[in-house]
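A.B. asks: Sharing a structure with you now.
The values are calculated or read from the model by the stated rules, or taken from the named source; none is laboratory data. As the structure is a computational prediction, the values presented were derived from the model and not from experiment. We place every Cβ from the backbone using ideal geometry, glycine too, and count neighbours over all the protein chains shown.
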Amino acid sequence: MKNLKKTIFTGALLILSIVLLDIILGYCLSYFYHKAKFGIIRRQDYCLTKSDEDIIILGSSRAAHHYVPDIITDSLGLSCFNAGSDGMCVYYHYALLKSYIESGRIPKLVILDLTAQDVEVSSGATFTLEAALDRLAPYYHDVDIVDSLVNFKGWQEKLRMQSVLYRYNSKAVQIIKCNLIPSKENNGYEELTGVLPDKMNITDADCGRIDFDEEKCMYLEKIFHLANCYKIPMLAVVSPMYQISNKSWIGKIADISLRYRIPFLNLSNLVDLMDPSYFADVYHLNDSGAKAFTTILAGRILSADKTFGVLE
């Protein structure tokens, strides 16, 4: 009996120690996470908790590197923030937009940059629900939409999220970097340098069969539905790339956009920018290309002002 009590006491003490360690270390990581001054952590925290710009840009790395907020502001007279984030897809875009709305921040225009990874099955570690949850985990219990995404993932993820340390899993190095190492950005925009080889031919994308992810397509519809419900003008865009894209995924996005009456611009092979000097790689514009593209896009928005109503 004595041994049993000792075992129970030892076990309870061990569990308590683990819980306290989880809370203490988790609190320390949380403190420095939310104090970050640079990089993706600062941008994400700003988007989820503070940003109230008139125009927000959502999307993956192609959004982060293709849209220059200063040019949009100068052209439209409205404040703008680029919330694009590498490796993220519709789950993440939906969470950011939903967080704006839930906190009463209603944008005057949302520009949503879309890629094939927003509608097709992903085989890697990025462009997935898991990737979005890993990025958003520090906001569990603080931002309602993050809790909803965790619930969508299932009870096992919900159980893991009870650990504060789990929410900051593998983020220690990133937290240090985002607190100590300045990064160059402009209202969320991150410029890319470098150019493709001179006179490089436009590449052909793989034209094989694309497997569409029904859950991703559903979340794209949820984004469009949100915009319609709250009467938020939204523009869906496929920005330039130095390749001929598989038309099936662009057609899929166009079909969904049409159903929700969301204006859609396929600028993937914009003639004025089909020059290797504008690209850092076949998927991303460099700084010169981004400035030229944003100027063209802002001009198109201005010319369609009656449709978007952003300058009323």
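A.B. asks: What do you reckon, is Val237 outside any helix (DSSP H, G or I) and surrounded by 16 or more Cβ atoms within 10 Å (Cβ to Cβ)?
C.D. replies: yes
A.B. asks: Just to check your reading of the model, which residue among Asn228, Asn269 is out of contact with any His (no Cβ under 8 Å at 6 or more places or on another chain), surrounded by fewer than 19 Cβ atoms within 10 Å (Cβ to Cβ) and closer than 24 Å to His66 by Cα?
C.D. replies: Just one listed residue meets the conditions, Asn269.
A.B. asks: Among the residues of region 106-116, are any without any contact (Cβ under 8 Å) to a residue 60 or more places away in the chain and either within 24 Å of Ile250 (Cα to Cα) or not acidic (Asp, Glu) (or both)?
C.D. replies: Checked region 106-116: no residue is without any contact (Cβ under 8 Å) to a residue 60 or more places away in the chain and either within 24 Å of Ile250 (Cα to Cα) or not acidic (Asp, Glu) (or both).
A.B. asks: Further question: Taking only region 157-195 into account, find how many residues are of a type in the set (Lys, Arg) and either touching a Leu at 6+ places or on another chain (Cβ under 8 Å) or crowded, with 19+ Cβ neighbours inside 10 Å (or both).
C.D. replies: 2
A.B. asks: Here's something else I'd like to know. If the requirement is being farther than 24 Å from Thr128 by Cβ and touching a Gly at 6+ places or on another chain (Cβ under 8 Å), which of these qualifies: Ile202, Ile176, Ile181?
C.D. replies: Selected residue: Ile181, the only one of Ile202, Ile176, Ile181 that is farther than 24 Å from Thr128 by Cβ and touching a Gly at 6+ places or on another chain (Cβ under 8 Å).
A.B. asks: Which residue is surrounded by the most Cβ atoms within 10 Å (Cβ to Cβ), if the candidates are limited to region 87-107 and must be part of a helix (DSSP H, G or I) and out of contact with any Leu (no Cβ under 8 Å at 6 or more places or on another chain)?
C.D. replies: To start, the set of residues in region 87-107 that are part of a helix (DSSP H, G or I) comprises 90-102.
Then keep just the ones that are out of contact with any Leu (no Cβ under 8 Å at 6 or more places or on another chain); that gives 100, 102.
On the way: Tyr100: 25, Glu102: 11.
Looking at the filtered set, the residue picked out is Tyr100.
A.B. asks: Provide a single number: the residues in region 94-121 that are of a type in the set (Phe, Trp, Tyr) and at pLDDT 95 or above. Before you say what the answer is, go through the steps one by one.
C.D. replies: Taking region 94-121 first, the residues of a type in the set (Phe, Trp, Tyr) are 94, 100.
Applying the additional criterion that residues be at pLDDT 95 or above yields 94.
So the answer is 1.
Residue by residue, here is whether (1) under 30 Å from Asp287 (Cβ atoms); (2) assigned to a helix (DSSP H, G or I); (3) basic (Lys, Arg); (4) modelled with pLDDT of 90 or more holds:
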site: Asp147; (1), (2), (3), (4): no, yes, no, yes
site: Leu165; (1), (2), (3), (4): no, yes, no, no
site: Ser170; (1), (2), (3), (4): no, no, no, no
site: Ile176; (1), (2), (3), (4): yes, yes, no, yes
site: Asn179; (1), (2), (3), (4): yes, yes, no, yes
site: Thr193; (1), (2), (3), (4): yes, no, no, yes
